[in-house]
Amino acid sequence: MLETIWFLLWGVLWAIYFMLDGYDLGIGTLVPFLGKTDRDRRVMFNSMGPFWDGNEVWLITAGGVTFAAFPKAYAVMFSGLYIPLMLLLFALIIRGVSLEFRHQVDSPAWRRVWDWGATIGSFLPALILGVAFSNIFMGLPLDENGVFQGSFLLLFNPYGLVGGVLFVLLFAMHGALWLSIKSDGDLQQRAAATARRLWPVLVGVIGVFVVLTVFYTNLLANYLQNPLMLVLLAVPVLALVLLRQQIGREDWWFAWGLSAALIGGLTLFGVVGLYPALLPSSISPEYSITIANAASSTLTLSIMLGVTLVFIPIVAGYQFWLHKTFAHKITDKELNQDGAY
C-alpha cells in the first residue's frame, strides 16, 4: 500500500514540476521568436523572474522522492540515463546563469550571448525531459542487474523524438499563455497569436504521440484491464478542447490553467499506465524496476510520508501566494528597479 502511495506521489510531483517550470522553459524557448526588442526580452525574463527558481524546487522534490522512496530506481536511472540527466542539469545551470548575467554589463552583444544561453537552457531541458520520459514509457534496455544495455543515441528513436517535440510544444504553449497574462501591447499580441498557432500543431503532435504509444508501449494495458481508469484521459482531452475556446475568448488565466491541466493530465495518464513499474525493461518484463523491488523499507516510507504530508502543502501554499502576489503585468516601473533582469 505504501509503495503505491509513493508511486502516485512520485507521478504527482513530476506533474507539478512540468506544470510550473514548464511555462518558464516555454518562455525561454520563445525568446528568439517573440523578443523583438530588448524591452520585450526583459519583459519575458521578468515575467518568470519571481518564480523560475522556486518552480525548480519541484524538480528537486521529485528527484528526492525517487532517491528516498525508490533508491534502486534512482540508481538505475542516474546510471543508465547519466548523459541526458547531466545535459539537463547543465542546461538548467546555463539558464539560471544567463538570467542573472544578462543585465550585469550594458552591452547589446553581452546581452545577446546570455539571451541565447537562456533559450538553449530552456529548450534543451524540455526536449530532454520529453525524450527521457518517452523512453521510460517505452521501456529501457535493462538487464537482470538493472544495467542499461544501450547507448545515448538509442534514446533518440522515433517515439522518443516525438515525445521530445511534444514537451517542447506543450511548454511553448504554456509559456505563450503565461506571457499573455504578464505582458501588454505588441508583445502580448504576439504571444497570443503564438498560442493560437500552436494549438492545432499541438493537437496534431498529441495525436501522433498517442498512436505511437499504442505501438511502442504497453501503457494502455492497465486501462484495458480497468476501463474505469480511462476517466483519467478525460482531464487532458477536455482541457485541450476548452483551451482553444478560452484562447479565442482571450481569457488568459483560464487558458493557462487549462494548459496546466493538460500537461498534468498527460503526465499522470502516462505514469499510471506504467504501474507497477517505475522503469520498465524492454529486454524482459521480469527485469523491470518496480515499486516492489525498488522501494525503501516500510519504516522509511512511513516516516517520509508523514514529513511529506506536512511540508508539501506548505510549499504549495507558498507558491500559490507567490503567483497571486506577482500576478500583475510587467511594467516599466518594475523593469527600472534594481535586480530586474
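Computed from the coordinates by the stated procedures, all read-outs in this text should not be read as laboratory data. Everything numeric here is computed off the predicted structure, so don't read it as measured data. Every residue, glycine among them, receives a Cβ derived from its backbone with ideal geometry; neighbour counts consider all protein chains shown.
Summary of computed values
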item	result
C-alpha center-to-center spacing [the stretch 282-341, the stretch 163-223] in angstrom	22 Å
Cβ-defined net charge surrounding R197, 14 Å radius [Lys, Arg +1; Asp, Glu -1]	+3
20 Å tail of the calculated P(r), the stretch 1-86, as % of Cα pairs	49 percent
Along principal axes, Cα extents of the stretch 253-328, largest first, whole Å	52, 31, 12
Using distinct alpha-carbon pairs, which all enter the 1/r mean, Kirkwood radius of the chain in Å	20.7 Å
Candidate aspartates and glutamates for bridging to K329, where Cα separation is under 18 Å - those fewer than 8 sequence places away on the same chain excluded	D24, D38, D40, D184, D186, E250, D251, D338
Peptide ranges 153-160, 302-309, 20-27 listed from the most packed, as the mean C-beta count within 10 angstrom indicates	20-27, 153-160, 302-309
Gained length - L8 relative to L299, 0.36 nm times residue gap less alpha-carbon distance	102.9 nm
Most to least packed among 290-298, 218-226, 273-281 [average Cβ atoms within 10 Å]	273-281, 290-298, 218-226
Sites matching trypsin sites (Lys or Arg not before Pro) across the stretch 104-201 that sit in DSSP coil, with at most 16 neighbouring C-beta atoms within 10 Å	none
Proximal aspartates and glutamates to K72, defined as alpha-carbon separation beneath 18 angstrom and excluding residues fewer than eight positions away on the same chain	E3, D143, E144, E286
Angle in degrees between helix 158-182 and the longest Cα principal axis of the chain, rounded to the nearest 10	40 degrees
